[in-house]
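The values are calculated or read from the model by the stated rules, or taken from the named source; none is laboratory data. Small disclaimer: the values here were computed from a predicted structure and weren't measured. Cβ coordinates were reconstructed from backbone atoms using ideal geometry, including for glycine residues, and neighbour counts include every protein chain displayed. In case anyone asks, the SASA skips ligands and DNA or RNA and just uses the protein heavy atoms, side chains included. Shrake-Rupley method; radii C 1.70, N 1.55, O 1.52, S 1.80 Å.
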Amino acid sequence: MKRRLLVAGFVLALTVTGYAQNDFAAKLSDAAVTLTKQTVEYDPQYFSISYPNGDVPAGKGVCTDVVIRAYRKVGIDLQKEVHEDMKANFSLYPKNWGLKATDKNIDHRRVPNLMKYFSRFGTVKPITNNAADYKPGDIVAWNLTASVTHIGIVVNKKSPDGQRYMIVHNIGTGQVMDDVLFAYTIIGHYSYPK
């Protein structure tokens, strides 16, 4: 009897946890979709921003700002989260920019830093060619060229052919929803429901 209750409790805990993660993923997906209704010009320049909860000017941004803004809509400040982890674990983060210290204005706006953060605190999911493996709320990172990376959020809207979920991202034309999951080389696949 005790064993049955223990097993039932374990199954219930897994179900509740799974529901909470799915609920979070749905909220993140919805938050990303709402971003596509805002007019944003692609602007990769460096901005001095407030901390915590700082953001570049509302009509400006890059791909990482889509992810940052969507997470902020669901109560997670990636600027603060990434900055605090980089301060404590700077040696674990990429040194692509020759920095010797953290910078709260830009660190969270770099794809390799977000990839490192998500791999440390989220779930690293398999990189596959199977569209069914990419769920709404997942974060996907791509390599566009040898030194240019990109990141976006899988959302709960299907591609025109119904074969895969769409991506909300900013690759130069603002915060948009596109059918680009397999358009570039995928280098990262994560979920991060804090």
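Scanning region 27-54 for residues that are open to solvent by less than 80 Å² (accessible area, probe 1.4 Å) and in a helix (DSSP H, G or I) yields Leu28, Ser29, Asp30, Ala31, Ala32, Val33, Thr34, Leu35.
Filtering region 110-124 for residues that are in contact with a His (Cβ under 6 Å, 6 or more places away or on another chain) and either surrounded by 22 or more Cβ atoms within 10 Å (Cβ to Cβ) or farther than 25 Å from Ser50 by Cβ (or both) leaves an empty set. Of all the listed residues (Lys157, Lys100), the sole one being farther than 19 Å from Lys194 by Cα, of a type in the set (D, E, K, R) and not in a loop (DSSP other than H, G, I, E, B) is Lys157. Would you check if there is a residue in region 183-191 being modelled with pLDDT of 95 or more, in a loop (DSSP other than H, G, I, E, B), touching a Phe, Trp or Tyr at 6+ places or on another chain (Cβ under 9 Å) and not small (Gly, Ala, Ser)? Checked against the condition, which is being modelled with pLDDT of 95 or more, in a loop (DSSP other than H, G, I, E, B), touching a Phe, Trp or Tyr at 6+ places or on another chain (Cβ under 9 Å) and not small (Gly, Ala, Ser), region 183-191 yields at least one hit. Residue-level check: of (1) open to solvent by 50 Å² or more (accessible area, probe 1.4 Å); (2) farther than 21 Å from Asp30 by Cα; (3) modelled with pLDDT of 95 or more, Asp179 misses just (2). Restricting region 130-142 to residues that are in a loop (DSSP other than H, G, I, E, B) and in contact with a strand residue (DSSP E or B) (Cβ under 9 Å, 6 or more places away or on another chain), the residue that is nearest to Ala183 (Cα to Cα) is Tyr134.
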